[in-house]
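*Asks:* Sharing a structure below in structure tokens format, with a few things to ask.
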Amino acid sequence: MAYIDSELENVRIVWQTIADRVLVIGLIVAGMALAGGVSIYLGYTPQEIVPPR
């Protein structure tokens, strides 16, 4: 029974790690979208934010 408990704990740790990474990536994407929305709201176009090369 201890073996099964330790395996379940390992699965929980793996899924927590995956969920944490997905959450962080989601927050980064949401922050970028919010920053883009605010800049457009303030009147900046994407070409003004990142000048062409």
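*Asks:* Looking at (1) β-branched (Val, Ile, Thr); (2) at pLDDT 85 or above; (3) open to solvent by less than 100 Å² (accessible area, probe 1.4 Å), which is the only condition residue 45 fails?
*Replies:* So the condition that residue 45 fails would be (2).
*Asks:* Which pairs turn up if I take residues in the stretch 16-38 that are open to solvent by less than 80 Å² (accessible area, probe 1.4 Å) and look for partners that are in a helix (DSSP H, G or I) with beta carbon separation below 8 Å, at least 6 apart in sequence or on another chain?
*Replies:* From the stretch 16-38, the pairs are 36/46.
The values are calculated or read from the model by the stated rules, or taken from the named source; none is laboratory data. These numbers come from a predicted model, not from an experiment. Reconstructed Cβ throughout: ideal geometry from the backbone, glycine too, with neighbour counts over all protein chains shown. When the accessible area is computed, the model is the full protein with side chains, heavy atoms only, and any ligands, DNA or RNA have been set aside. Shrake-Rupley method; radii C 1.70, N 1.55, O 1.52, S 1.80 Å.
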